[in-house]
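The values are calculated or read from the model by the stated rules, or taken from the named source; none is laboratory data. It should be emphasised that the depicted structure is a prediction, and the values quoted were computed from it without experimental measurement. All Cβ positions, glycine included, derive from the backbone under ideal geometry; neighbour counts span all protein chains shown.
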Amino acid sequence: MYGWLRFQLRRCVGVTRRTWRKWRVWLAMAMALGLLLLGLTPLRHVFDRSILAQWLCDLGHWAFVGFIIAYTVLTAIGIPGTLLTIAGGAVFGLAWGTLVSLVGATLGAMGAFWVARYLLRHRFQRWCDRSQILERFDRAVRRYPWTFVFVVRFAPISPFNLTNFLFGLTSVHWVPYSLGTLFGIVPGTLAYTWLGVTGQTALSGGDRLPFLLALGALVLLSLILVCFRHRSCC
């Protein structure tokens, strides 16, 4: 089963050895870039809890609900929620930040899924019928729905918002889609939330090592599937 799934992923994603070498360079640069981002004033606000915390403080007991709603709406309309996940870690901490981001991301993914299935599919029907990529994607998700969704969601560098709509154009049922999404994004969400927690500490003059470890965890998660596909090509 997994050999067939790896084959389908290679066909859909098209990871070659040359691409793998390029990814190693870019991902290695990510950790150095992370330190640079901490010094850029506009991006420091991503880890600065004061702005988001003030808005959530105004919501009082509805802070968690407000954050989840905002995350859901942004994800459903195709806006990446990565910065919200990082900010959620800075405001709520690792445990609660991960939880609210998981709920918001999953609900938003479901929203985008329904939008694609019932509002967009008929508009792109001709493209759907002729697209070999979508046909391969649909064939893979039909055969192993839960596993395929989980694998696609696992890597943090996976185009989350794009695949939300792409899955909606396939024949996958919403139950394996939602469950595969929920469990598949746990590692990445946890890592991004941890990045928010440690980024706040680093900005306040604390130890930057945890921030680098969080960034390294994201790189490692991104490399896992790339190594998985690369090894299966050999």
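See the values below:
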read-out: Among (1) crowded, with 20+ Cβ neighbours inside 10 Å; (2) in contact with a Pro (Cβ under 9 Å, 6 or more places away or on another chain); (3) assigned to a helix (DSSP H, G or I), the one test that Trp146 misses; value: (1)
read-out: So Thr181, is it of a type outside the set (A, V, I, L, M, F, W, C), in contact with a helix residue (DSSP H, G or I) (Cβ under 9 Å, 6 or more places away or on another chain) and either within 17 Å of Thr106 (Cα to Cα) or part of a helix (DSSP H, G or I) (or both); value: yes
read-out: Candidate set from the range 68-82 (those that are within 12 Å of Val100 (Cβ to Cβ) and either at pLDDT 90 or above or not hydrophobic (A, V, I, L, M, F, W, C) (or both)); member that is farthest from the chain's Cα centre (by Cα); value: Ile69
read-out: Condition met for Gly93 (modelled with pLDDT of 90 or more, among the small types (Gly, Ala, Ser) and farther than 12 Å from Thr189 by Cα); value: no
read-out: Filter result (modelled with pLDDT under 75, surrounded by 13 or more Cβ atoms within 10 Å (Cβ to Cβ) and outside any helix (DSSP H, G or I)) within the range 110-130; value: Phe124
read-out: Any chance Ala53 is assigned to a helix (DSSP H, G or I) and either of a type in the set (D, E, K, R) or at pLDDT 70 or above (or both); value: no
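Every residue, every condition in (1) at pLDDT 90 or above; (2) in a helix (DSSP H, G or I), yes or no:
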site	(1), (2)
Phe150	yes, yes
Leu162	no, yes
Val172	yes, no
Tyr177	yes, yes
Thr198	no, yes
Asp207	no, no
Leu218	no, yes
